[in-house]
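Reviewing the structure listed below.
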Amino acid sequence: MADPTPLSTVRDLKALDTGANGRPFASLLVVKKIAAKTASNGNPFCSVDLGDRTGSFGCTVFSDNTAFEVIKAAGEGAVVRVEGKVDFYQGRLSPKLGNVTALAEEELTAPGLIENLVETAPEDAAALWTELNAFIDGITQPDLRATVRAVFDEVGENFKWSPAAVAMHHAYRHGLLEHTVHMARAGRALLPLYAEVHTDLAMAGILLHDAGKTIEYEGTLATKRSRRGLLQGHVVLGYQLVRKAGLKARLDHDLLERLEHIVLSHQGEPEWGAAVYAATPEAVFVSMIDNLDAKMGMVQRALRQAPEDYEFSERLPGLNSPLLTRKPVQA
């Protein structure tokens, strides 16, 4: 007998407006994040992020809801069938969960199931990897090229699939690869404008700036920070990878110090995770391109996920604003 409630994607749910409050729905979703909290009255609850390849949403689950124990027991990365009712909080989709069932491991082998749950970069990952390797080969200084190659020899397999973030930008499978290649394309286009920037050093810094994220993040269906990621962070982890590779390649001390500085400063501000402020032409260049592509990655993702009849996206934390998603009127 067919299921009386067709499965809705996150995009389907986000296409609804407040007039749909109370409408029942059913979805197959990944538990992306669980944060245990305590209400002012002392009662426990959890904030949960659920998603599929079309997007994600957050909701609050109180301890008197049967879904509370199911989600806690399933844990981050679990696949759950969710039945609930559409609801909004401060203009954002925040459904009220009803019945929640965790899928058993053998159920995850159903054809197409994982592909429908995991968001991936829109560009072909194999083509991006080929392009990244071409950028490595384009570094003319032999020891710099050898340093970059040594890092990717160590982290390459993880680099191919890793996201670039948990939530902010390029937060999906192959996102780190996409972000890095996009930065390299931007760097190649902009470097001719700035003769003061050492071309090979800047390109090496672009390719290696986020290498530590291959260690910082873990998880197959849901991304979370690893033990080393929590204790050290990708900036320090990336610095360690670069220093090890540079010493192995016998990279000139000055070039190695400058390359390490790019990695240590690329986040821009200490409050954003930078160990130091950018203090060389190449470090400033890489940090600005990183910021540009991170923000444009947020824009691109919001445009991909935007319902056709919506004028604005939800508020994007990285932009501190909703995004106008309708295209300009053509003259």
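The values are calculated or read from the model by the stated rules, or taken from the named source; none is laboratory data. Here the structure is a predicted model, which is why all the values come from computation and not from measurement. Using ideal geometry, Cβ is built from the backbone for each residue, glycine included, and neighbour counts are taken over all protein chains shown.
A few points about this structure:
- Scanning the stretch 162-197 for residues that are acidic (Asp, Glu) and either in contact with a Cys (Cβ under 7 Å, 6 or more places away or on another chain) or crowded, with 17+ Cβ neighbours inside 10 Å (or both) yields one hit, Glu178.
- When residues of the stretch 91-130 are limited to those that are assigned to a loop (DSSP other than H, G, I, E, B) and of a type in the set (D, E, K, R), the one surrounded by the fewest Cβ atoms within 10 Å (Cβ to Cβ): Asp124
- Residue among Leu50, Leu28, Leu128 that is at pLDDT 90 or above and in contact with a His (Cβ under 8 Å, 6 or more places away or on another chain): Leu128
- When the stretch 128-160 is limited to residues that are within 22 Å of the chain's Cα centre (by Cα) and among the acidic types (Asp, Glu), the one that is nearest to Ala211 (Cα to Cα) turns out to be Glu154.
- The stretch 311-331, residues that are assigned to a loop (DSSP other than H, G, I, E, B) and either among the charged types (D, E, K, R) or under 13 Å from Gly91 (Cβ atoms) (or both): Glu311, Ser313, Glu314, Arg315, Pro322, Arg326, Lys327
- For the residues Gly273, Gly246, Gly318, the requirement of being of a type outside the set (Val, Ile, Thr) and at positive phi singles out Gly273.
- Of all the residues in the stretch 242-276, those that are exposed (fewer than 14 other Cβ atoms within 10 Å of the Cβ) and under 25 Å from the mean Cα position of the chain (by Cα) number 6.
- Note on the stretch 167-182: residues that are in a loop (DSSP other than H, G, I, E, B) and out of contact with any strand residue (DSSP E or B) (no Cβ under 7 Å at 6 or more places or on another chain) total 5.
- Out of Ala186, Ala222, one residue alone is aliphatic (A, V, I, L, M) and at pLDDT 95 or above. It is Ala186.
- Lone unmet requirement of (1) touching a helix residue (DSSP H, G or I) at 6+ places or on another chain (Cβ under 7 Å); (2) outside any helix (DSSP H, G or I) for Ala150: (2)
- Every pair of residues 6+ apart whose Cβ atoms lie under 9 Å, when the first sits in the stretch 103-114 and is closer than 16 Å to Asp52 by Cβ while the second is at pLDDT below 75 and of a type in the set (Val, Ile, Thr): Ile114/Thr220
- Residue among Leu103, Leu108 that is over 30 Å from Met298 (Cα atoms) and either at pLDDT below 90 or among the hydroxyl-bearing types (Ser, Thr, Tyr) (or both): Leu103
- Residue match in the stretch 302-310 (condition: modelled with pLDDT under 90, under 29 Å from Leu190 (Cα atoms) and surrounded by fewer than 18 Cβ atoms within 10 Å (Cβ to Cβ)): yes
- Residue in the stretch 96-114 that is touching a Cys at 6+ places or on another chain (Cβ under 7 Å) and outside the structural domain of Ala294 (by TED's automatic domain parsing) present: yes
- In the stretch 210-269, the residues that are over 19 Å from His198 (Cβ atoms), of a type in the set (Val, Ile, Thr), assigned to a helix (DSSP H, G or I) and touching a residue at least 60 places away in the same chain (Cβ under 8 Å): Ile215
- Residues within the stretch 283-310 that are within 23 Å of Gln90 (Cα to Cα) and part of a helix (DSSP H, G or I), tallied: 7
- Filtered by the rule that a residue be under 24 Å from Lys14 (Cα atoms), surrounded by 14 or more Cβ atoms within 10 Å (Cβ to Cβ) and of a type outside the set (D, E, K, R), the stretch 71-90 gives Ile71, Gly77, Ala78, Val79, Val80, Val82, Gly84, Val86, Phe88.
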